[in-house]
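K.L.:
The structure that follows is given in the form of structure tokens.
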Amino acid sequence: MNIKLSDREETVLRVIVDEYINSSQPVGSRYVSKTGFLSLSPASIRNIMSDLEDKGFIIQPHTSSGRVPTDTGFKYYIDKFIAISNNDLQELKNEFRDLNAVNVRSIFDSISRKLGELTHSIGFVISPKLNTMYLKHIEFIRLNSDTVLTVIVTKSGIVHNMLMNINESIKDNDLVRVANYLNDKFKDKTLLEVKEQLVNEMRDEKDKVNELTEKVMQVSQNLFNDADFESEIILHGTSNIIGQPEFKDTEKLKDFLKAFEEKHFAYQILERCMRENGVKIFIGSDLGSDSVEELGLVTKPYLRDDKTIGTLGVIGPKRMKYPEVIPIVDFTAEIITNLLKKLGGSNEK
């Protein structure tokens, strides 16, 4: 919908959205008139509200009640009235000043928790897929005759442990030799690059395979067949929104959070965020489920080497305080992007 509102209509819409965000209650013409932004009587305000309702920006939930914004009204409000100020950025820098760039997993956890605290909502981070991260070290530890614990450490500080089935013919010293080979040859490569290069080598040099290369191929094949390299969803702050009026029916909220924590839903959000680098806002029906029509989602992707590898954001009532939430999400994504640069990447050998 691409409808242009008059100055008076914009003012009335802004007052309604601001008050609805603060109170969660329908807003009446008398309240709008008393704010003094427009020198108009309640009757004149009602006429403007009627026009806004006809255009789909507000609705009257009950007869004789005031108006509340629609999803379209929220989107217009966000596009028209929200900007990030230098004061916002300075306050955020102070909030994140003590963040310690030692381990990415702990940073993701701290940031999702901080997002929840700052916005009084649910903060989340969708981590990068492990196979996009740069390899620092790999180790194989035999647990029994046919089971090996694989420890993968990335340059960004993520440690991933996985169990791998292996042929009994692979001995302990073979595992050490294979680990040394992979660490020497593929350090600073992504795990996806490791897999692709090994496949190419096996194809191009199949006539020159020696005993070590054969062991490498056997172990690597098991590694990539068994590994779960998918993203992780780190989420904090559910208690922040349980008490909100919209979520008296806690089962609806539980259903949404359960769906959100399922990876296919997170991937849909990530895929939509990858199409553009800025802040992305999903309001009510944008989330694709009637059960979460009262929710809003503010997200932004974070980057490494100018490519989107993950996203973060805030989940809350769709009447959340967007002027506060949007700059927080925007700045926090930049923090993670900068931390990933500091912790290592293809340009830091």
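The values are calculated or read from the model by the stated rules, or taken from the named source; none is laboratory data. Treat the numbers as computed from the prediction; the structure is a model and nothing was measured. With ideal geometry, Cβ positions are generated from the backbone for all residues, glycine too; neighbour counts draw on all protein chains shown.
K.L.:
Give SER23, SER39 a once-over and let me know the one that is closer than 20 Å to GLY296 by Cβ and of a type in the set (Ser, Thr, Tyr).
P.N.:
Selected residue: SER23, the only one of SER23, SER39 that is closer than 20 Å to GLY296 by Cβ and of a type in the set (Ser, Thr, Tyr).
K.L.:
Additional query: If you scan the range 50-74, which residues turn out to be of a type in the set (Val, Ile, Thr) and under 20 Å from PRO317 (Cβ atoms)?
P.N.:
Residues satisfying the conditions are ILE58, ILE59, VAL68, THR70, THR72.
K.L.:
Further question on the same structure: I'm trying to understand the selection: among the residues of the range 280-295, which are over 13 Å from LYS75 (Cα atoms) and either modelled with pLDDT of 75 or more or over 18 Å from the mean Cα position of the chain (by Cα) (or both)?
P.N.:
SER289, ASP290, SER291, GLU293, GLU294, LEU295
K.L.:
Report yes if some residue within the range 117-132 is hydrophobic (A, V, I, L, M, F, W, C) and under 16 Å from PHE186 (Cβ atoms); otherwise report no.
P.N.:
Yes, the range 117-132 contains at least one residue that is hydrophobic (A, V, I, L, M, F, W, C) and under 16 Å from PHE186 (Cβ atoms).
K.L.:
Return the residue satisfying two criteria in turn: it lies in the range 206-233 and is of a type in the set (A, V, I, L, M, F, W, C), assigned to a loop (DSSP other than H, G, I, E, B) and within 30 Å of GLY313 (Cα to Cα), and of such residues it is modelled with the highest pLDDT.
P.N.:
In this case the residue turns out to be PHE229.
K.L.:
Also, quick follow-up: Inspect the range 69-82 for any residue being surrounded by fewer than 12 Cβ atoms within 10 Å (Cβ to Cβ), of a type outside the set (D, E, K, R) and not assigned by TED's automatic domain parsing to the domain that holds GLN244 and give the result as yes or no.
P.N.:
No, the conditions are met nowhere in the range 69-82.
K.L.:
Now, a different point. Report, by residue number, each residue of the range 17-52 that is at pLDDT below 95, under 28 Å from ILE241 (Cβ atoms) and in a helix (DSSP H, G or I).
P.N.:
Across the range 17-52, the qualifying residues are VAL17, ASP18, GLU19, TYR20, ILE21, ASN22, SER23, TYR31, VAL32.
K.L.:
Then there's this: Counting only residues that are under 14 Å from ASN222 (Cα atoms), give me the strands (runs of 3 or more DSSP E) lying completely in the range 105-174 with at least 1 of them.
P.N.:
Strands (runs of 3 or more DSSP E) meeting the threshold: 135-144, 147-154, 159-165.
K.L.:
In the list ILE82, ILE58, ILE78, which residue meets the criterion of being in contact with a Leu (Cβ under 9 Å, 6 or more places away or on another chain) and among the β-branched types (Val, Ile, Thr)?
P.N.:
Working: ILE82 fails: in contact with a Leu (Cβ under 9 Å, 6 or more places away or on another chain); ILE78 fails: in contact with a Leu (Cβ under 9 Å, 6 or more places away or on another chain).
Residue meeting the stated conditions: ILE58.
K.L.:
Out of all the residues in the range 175-194, which are touching a residue at least 60 places away in the same chain (Cβ under 8 Å), surrounded by fewer than 19 Cβ atoms within 10 Å (Cβ to Cβ) and in a helix (DSSP H, G or I)?
P.N.:
LEU192 - this is the single residue of the range 175-194 that is touching a residue at least 60 places away in the same chain (Cβ under 8 Å), surrounded by fewer than 19 Cβ atoms within 10 Å (Cβ to Cβ) and in a helix (DSSP H, G or I).
K.L.:
Further, regarding this structure: Give LEU99, LEU118, LEU130 a once-over and let me know the one that is at pLDDT below 90 and more than 18 Å from TYR302 (Cα to Cα).
P.N.:
Of the residues listed, the single one that is at pLDDT below 90 and more than 18 Å from TYR302 (Cα to Cα) is LEU118.
K.L.:
Follow-up. Just checking, which of ILE45, ILE58 is crowded, with 21+ Cβ neighbours inside 10 Å and either of a type in the set (Lys, Arg) or touching a Gly at 6+ places or on another chain (Cβ under 7 Å) (or both)?
P.N.:
Being crowded, with 21+ Cβ neighbours inside 10 Å and either of a type in the set (Lys, Arg) or touching a Gly at 6+ places or on another chain (Cβ under 7 Å) (or both) holds for just one of ILE45, ILE58, which is ILE58.
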